[in-house]
Amino acid sequence: MEQLRIAVLNAAHRDENTTRNFRRELDASLAEFDATDGEVPDGFDYDGAVVTGSRSSVYWDDEWMQPIKEWVGDAIDRGIPFLGVCWGHQLLADVLGGTVADMGAYEVGYSEIEHYGTSRLFDDIDEEFTAFTSHSDEVAELPPGADPLAENHYSNHGFRKDRVFGVQFHPEYDTKTARELVHRKDLSDDRRQSVLEEITEENYQRACEAKLVFDNFLEFVREVRTENVAVAAECEDATATVGRSD
């Protein structure tokens, strides 16, 4: 089976953990672009796209964000499926007309999250599941027409609009990434120690269930590609028929 071609917009400010994590979790042919350097794909010849987390806020007036938002908007208009993670979740919501804001708190560590509905993104994931989180911004208002998919007492943790999916939590994190993030955050000594004590192999294994969102997204992308191929074939047949009748 031909591998899917996925564009990865990496907004993690050259954090090597992000590259490693997404390459591990996405079973596809990946083309990675340094979003914080203003890099965007040259065209739209991809089966799907993923937008990573970031240390930035979507509502900051950083010069590098504008070309990313423009390419993402154009790609969505062309029907390319998207998955956004944390900052990527917020960026997709912003591009689609939602509202991102500081939520007045910082959620970090392994959190309990609940998903609802029958979204394919959460196929085979328990209704209540564990995932690593790190964010102080939230999608405060979903884009018009978007469906909420998951939440906890902090914020929305997932939405879908047409072929676009976003998750606030970090299904890609391993324990190395989590520990390094906690060490560089501005936390009190007590809170830092408390969160570090949560980063155990047991909690990581519990959170691995959330990684299924990557497989589920890629399966959705395969279905979209199959549909596109079928439509293209029908158009070719119709054109050939018209040509013969002439």
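The values are calculated or read from the model by the stated rules, or taken from the named source; none is laboratory data. These numbers were taken from a predicted model, which means no experiment stands behind them. In this analysis, Cβ positions are derived from the backbone assuming ideal geometry, glycine residues included, and neighbour counts consider all displayed protein chains. Heavy atoms of the whole protein, side chains included, go into the accessibility calculation; ligands, DNA and RNA do not. Shrake-Rupley method; radii C 1.70, N 1.55, O 1.52, S 1.80 Å.
A quick yes/no check of all residues on (1) out of contact with any Gly (no Cβ under 9 Å at 6 or more places or on another chain); (2) under 20 Å from T175 (Cα atoms):
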| position | (1), (2) |
| --- | --- |
| R20 | yes, yes |
| A28 | no, no |
| T52 | no, yes |
| R55 | yes, yes |
| K69 | yes, no |
| D94 | yes, no |
| Y106 | yes, yes |
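Filtering the stretch 103-145 to residues that are under 16 Å from C208 (Cβ atoms) and among the acidic types (D, E) leaves E112, D123, D124, D126, E128. A single member of I125, I113 is open to solvent by less than 30 Å² (accessible area, probe 1.4 Å) and in a loop (DSSP other than H, G, I, E, B), and it is I125.
Annotation note: Cβ proximity below 7 Å between a residue of the stretch 2-18 that is in contact (Cβ under 8 Å) with a residue 60 or more places away in the chain and a residue that is of a type in the set (D, E) (sequence gap 6+ or interchain) occurs for L4/D47; I6/D47; N17/E180. Going residue by residue through the stretch 70-83, is there one that turns out to be within 15 Å of the chain's Cα centre (by Cα) and assigned to a strand (DSSP E or B)? Yes, because at least one residue in the stretch 70-83 is within 15 Å of the chain's Cα centre (by Cα) and assigned to a strand (DSSP E or B). The set of residues in the stretch 156-196 that are surrounded by 20 or more Cβ atoms within 10 Å (Cβ to Cβ) and of a type in the set (G, A, S) comprises G158, G166, A178. If you go through the stretch 63-81 and keep only what is in contact (Cβ under 8 Å) with a residue 60 or more places away in the chain and either surrounded by fewer than 16 Cβ atoms within 10 Å (Cβ to Cβ) or in contact with a helix residue (DSSP H, G or I) (Cβ under 6 Å, 6 or more places away or on another chain) (or both), you end up with V72, G79, P81. Here W60 fulfils each of the conditions (1) open to solvent by less than 20 Å² (accessible area, probe 1.4 Å); (2) over 17 Å from the mean Cα position of the chain (by Cα); (3) of a type outside the set (V, I, T) apart from (1). Looking only at the stretch 40-61, residues that are touching a residue at least 12 places away in the same chain (Cβ under 8 Å), of a type in the set (D, E) and under 29 Å from M103 (Cα atoms) come to 0 in all.
Could you tell me which residue of the stretch 107-135 is farthest from I199 (Cα to Cα), considering only residues that are in contact with a Leu (Cβ under 8 Å, 6 or more places away or on another chain) and among the aromatic types (F, W, Y)? Here the answer is Y116.
Among the residues of the stretch 86-101, count how many are acidic (D, E) and crowded, with 22+ Cβ neighbours inside 10 Å. Within the stretch 86-101, residues that are acidic (D, E) and crowded, with 22+ Cβ neighbours inside 10 Å number 0. Taking first residues from the stretch 166-189 that are without any contact (Cβ under 8 Å) to a residue 40 or more places away in the chain and partners that are in a helix (DSSP H, G or I) and of a type in the set (D, E, K, R), the Cβ contacts under 8 Å between residues at least 6 apart in sequence or on separate chains come to T175/E201; H183/R192.
Please enumerate the residues belonging to the stretch 52-69 that are hydrophobic (A, V, I, L, M, F, W, C) and not in a loop (DSSP other than H, G, I, E, B). Listed by number, the residues that qualify are M65, I68. Condition check: in contact (Cβ under 8 Å) with a residue 60 or more places away in the chain, closer than 22 Å to G73 by Cα, assigned to a helix (DSSP H, G or I) and hydrophobic (A, V, I, L, M, F, W, C). Does L212 satisfy that? Judged against the criteria, L212 is not a match. Only one residue in V195, V224 is β-branched (V, I, T) and under 25 Å from A101 (Cβ atoms), so which one is that? Answer to the selection: V195. Considering the stretch 11-56, the residues that are surrounded by 16 or more Cβ atoms within 10 Å (Cβ to Cβ) and among the polar types (S, T, N, Q) include one that is nearest to the chain's Cα centre (by Cα), namely T52.
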